[in-house]
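The values are calculated or read from the model by the stated rules, or taken from the named source; none is laboratory data. All of these numbers come straight from a predicted model, not from anything done at the bench. Heads up: the accessible areas ignore ligands, DNA and RNA and are worked out on the full protein's heavy atoms, side chains in. Shrake-Rupley method; radii C 1.70, N 1.55, O 1.52, S 1.80 Å.
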Amino acid sequence: MFSFHFADQADNSGFVGWLATRLKVELGTGVFVVCGSNRTRGGTYDYWGCPIDLLDQAITVVETLRRT
């Protein structure tokens, strides 16, 4: 599992679908996402899960996307 947290006023609409699609293309499998809001922690959060044997690859995909 890995997570993303967004500032309270950040517009992250579309992020879950966009990243889920990228991960499915790159990894060949889907992911599950739990989304919610916690104002005491700064706003919206997403917790992501994927098969454990693909976790390192999923993190590599996310890190690569962060650099682009």
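Bridge orientation summary for the chain: considering DSSP beta bridges with both residues in this region, about 100 percent are antiparallel. Against the longest principal axis of the chain, how steep is helix 15-27, in degrees 0 to 90 to the nearest 10, with axes from Cα atoms? Long axis of 15-27 versus the principal axis of the chain: about 10 degrees. On a per residue basis, the chain carries 68 Å² of accessible surface, using protein heavy atoms and a 1.4 Å probe. For the chain, the fraction of alpha-carbon pairs lying more than 17 Å apart is 42 percent, rounded to a whole number. The candidates I52, I59, arranged from most to least accessible area with a 1.4 Å probe in the full protein assembly, appear as I52, I59. For the chain, what relative contact order do you get, as a whole percent, if you take Cα pairs closer than 8 Å and at least 6 residues apart? It rounds to 38 percent for the chain.
Computed extension gain for F2 through D53, at 0.36 nm per residue and net of the alpha carbon distance, reaches 17.0 nm. Computed 3J(HN,Hα) for segment 62-68, one whole-Hz value per residue from the Karplus formula 6.51 cos²θ - 1.76 cosθ + 1.60 where θ = phi - 60°, is 4, 4, 5, 5, 5, 7, 9, glycine and proline marked x. For the chain, the carbon plus sulfur part of the accessible surface works out to 53%, probe radius 1.4 Å.
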